[in-house]
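Here is the structure we will look at, set down as structure tokens.
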Amino acid sequence: MRIAVMGAGSIGGYFGGMLARAGHDVSLIARGAHLEAIKSNGLKVVRDDEEFTVQCQSTEDPTEVGPVDLALLCVKTYQNEVAIPLMQPLVGPNTTVLCLQNGVDSYLRAAEILGEQSVLPGAAFIEAGLLGPGTVQQTGGVVRIIFGETNGAEMPRCQAIRDAFVGAGVSAEVLPDIKAGLWEKFLFIATMAGVTCMAGATLPELMPQPHWRKVVLACLAEIEAVGRAGGVGLPSDIVPDTVIYMENNLGDLNASMYTDLLAGRPLELEALNGAVVRLGQEAGAATPINDVIYAMLKNLQTGS
């Protein structure tokens, strides 16, 4: 399969590296020192139990790549207005754009620009980061991709994409209700990102403290209520199951938005807690915790 990764940073780089090692024709679209390092030395992928380097086409200009079978959209959501139009040379009549961004409606912007028929909503469950230019690191035992057609059908393109990921050693699942799947991740990531940024501490630091644990649980319940008010078919035990997941994986959990906050980078606030507030207003559900998170972080979302 011919694959392009738009935003081959930590998450995009990891999936691109795994797919390239499995024999797919992968092009990495990146910028700056990271791009130059990949061009010079290849992309190095570091996992808990192994490390490897792959040689891929790498560029900052998608016109050098041309139409592909699969394009992974992995840039931060605040980069969409610039990045998505740049993807147009990658999209031909048979191209699928798989959106692996945070948020429950981030894929809609890609659909507006690149065509609704081309775009699949999806989500990635992974802890990854950059060790330095040209080197991505994945930690922990959780690596999973979910995606699906918005109408619930399992089309041949979904099967082909799933097979490509599974063949590359990445767990992938096609969901009949991708909206519910996106909300399951959204509930977790928006809570972790919002509360840790508001508190100025990591989730492993916050969960043992009863007063912060109470805030985390209340934020989870608030986002669940917004989803249900909007008609999302969330599992009945979504909140307790998410808490169990948090507690079982505390050592590996780190919100990328909190990392961005500490580094003075822009924040995905609008796609996460801002979306909770906006969708809550649309559905008539109160969002007092996320209102406070959004207000506290609003002036910091463009970075420093």
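Just so it is clear, none of the values below were taken in a lab; they were calculated from the coordinates. Note that this is a predicted model, so its numbers are computed, not measured. Here the Cβ positions follow ideal geometry from the backbone for every residue, glycine too, while neighbour counts run over all protein chains shown.
Values for this structure:
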read-out	value
Cβ-based charge dipole, the chain, positive-most Cα from Q57, T139, G169	Q57
Calculated from backbone phi, Karplus (6.51, -1.76, 1.60) coupling profile of region 167-176 in Hz, x at Gly/Pro	x, 8, x, 10, 5, 9, 9, 8, 9, x
Protection proxy ranking, peptides 49-59, 67-77, 289-299, average beta carbon neighbours within 10 Å, highest first	67-77, 289-299, 49-59
3J(HN,Hα) from dihedral phi, region 46-55, Karplus parametrisation 6.51/-1.76/1.60, rounded to Hz, x for glycine, proline	10, 10, 4, 10, 6, 8, 8, 10, 10, 9
Furthest towards positive pole of dipole, S27, S118, P85, structure part region 2-176, Cβ charges	S27
Per-residue Cβ neighbour rank within 10 angstrom, fewest leading, H211, H24, H34	H211, H24, H34
Residues with amide H under 5 Å from that of C99, placed H, sequence gap 5 or more	L73, L120, G122
For region 250-265, 3J(HN,Hα) per residue [Karplus equation, 6.51 cos²θ - 1.76 cosθ + 1.60, θ = phi - 60°, Hz, x = Gly/Pro]	3, x, 9, 8, 8, 6, 4, 5, 5, 4, 5, 4, 5, 8, x, 8
Gyration tensor over alpha-carbon atoms, the chain, equivalent ellipsoid semi-axes in Å	30, 22, 18
Compactness of region 2-176 - radius of gyration and Dmax, Cα, Å	14.7, 43
Whole-number percent relative contact order across region 2-176, with pairs defined as alpha carbons under 8 Å at least 6 apart	23 percent
With Cα atoms, 0 to 90° folded angle of helix 32-41 axis to the chain main axis	40 degrees
Dipole moment magnitude, nearest 20 debye, the chain about Cα centre, only Lys, Arg, Asp, Glu C-beta charged	320 debye
The chain, relative contact order in percent, only Cα pairs under 8 angstrom and at least six apart counted	15 percent
Net charge of neighbours whose Cβ lies under 10 Å from the Cβ of E173, counting Lys and Arg as +1 and Asp and Glu as -1	+2
Neighbour net charge for P235 - beta-carbon separation under 9 angstrom, K R +1, D E -1	-3
Electrostatic dipole magnitude of region 1-148 [Cβ: Lys, Arg +1; Asp, Glu -1; Cα centre; debye, to 20]	100 debye
Spatially proximal lysines relative to K185 (Cα-Cα < 24 Å; intrachain offsets below 8 disregarded)	K76, K214, K298
Estimated dipole of region 179-300 in Debye, rounded to 20 [Cβ of Lys and Arg +1, of Asp and Glu -1, Cα centre]	200 debye
